[in-house]
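Novice: Here it is: the structure, laid out below.
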Amino acid sequence: MKKDGRLKNKLQRSPWRWVIIGSIVCLLLAGGVSAMFKGPGSANSREAADSSDAKPSVVQQVLGKQPIELVLKRKYVCGQETEEKQTVQAPSVQDLEGRYPDWKIVSAGERQLVLEKKVEDLAPQCKANGFFGIDEQGNLVLFNGLPKNKDVIETFYRINTKRMESSLPRDYVAQLYEGIRIHDLAEYNSVLSTFGEFSVHDDANDADDVQ
């Protein structure tokens, strides 16, 4: 008993006593913090993995029901979309991606897949019958046919007509009111670039000078 008392007194007087106690406390705290971060992190990782696998699994389920209806949607620069439907047999996602490498799967339904593709060109209808003009509100508009028919394909921006009429040749301005025919992407971009200089901004001076 006397030996135990002397040993205890030596430990209490030892300069290393606080170092040992501090080390034990640090180890306990480190273990608690590690456990706290490890739990939620692992759960989040599992959730991310589950969510990333959800879409391919749904697509594969549809592909397992042969044949399937494939809907091909094309989005063109001029704002138009076309849709084409096919009945195909594609046993796997890899097979489908091999046949349609530039397409993106946007939805999957009962025995149906919808693929989408952005086409950097004018739609066939825009090439065949596209006219730029101005509507009653002073907006630059792409029409299907002459502007007087009011068959709108896409509306772009308001034009400062006063500034446009004072800056461009009179016959070119008259042509816009009647309808500027476009045949390809180069002509389409040229018209947008020309009249984009007269687009109305949100400042008061521009707004007052539109009409």
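Values in this text are rule-based calculations from the coordinates and carry no lab data. From a predicted model like this one, the values you see are computed outputs, not experimental measurements. Cβ: placed from backbone, ideal geometry, glycine included. Neighbour counts: every protein chain shown.
Novice: From the C-alpha coordinates alone, can you work out the Kirkwood hydrodynamic radius of region 59-119, in Å? Please report the intermediate quantities before stating the final value.
Specialist: Numbers: mean 1/r = 0.0850 Å⁻¹.
One decimal place: 11.8 Å for the Kirkwood radius.
Novice: Right, here's the next one. For Tyr188, what charge total do you get from the other residues with a beta carbon under 12 Å from its beta carbon, if Lys and Arg give +1 and Asp and Glu give -1? Write down the numbers at each step before the final one.
Specialist: Values: positive: Lys127, Arg181; negative: Glu120, Asp121, Glu154, Asp184, Glu187.
Charge balance in the 12 Å sphere: -3.
Novice: Could you let me know the centre-to-centre spacing of region 150-200 and region 74-137, using Cα atoms, in angstrom?
Specialist: 28 Å
Novice: What is the local net charge at Cys78, summed over the other residues whose Cβ is closer than 13 Å to its Cβ (Lys, Arg +1; Asp, Glu -1)?
Specialist: Cβ neighbours under 13 Å give a net charge of -2.
Novice: Okay, next question. Given C-alpha coordinates of region 104-211, what is the ratio Rg to Rh with the Kirkwood estimate of Rh?
Specialist: Working: Rg = 17.2 Å, Rh = 15.5 Å.
Computed over Cα atoms, the ratio is 1.11.
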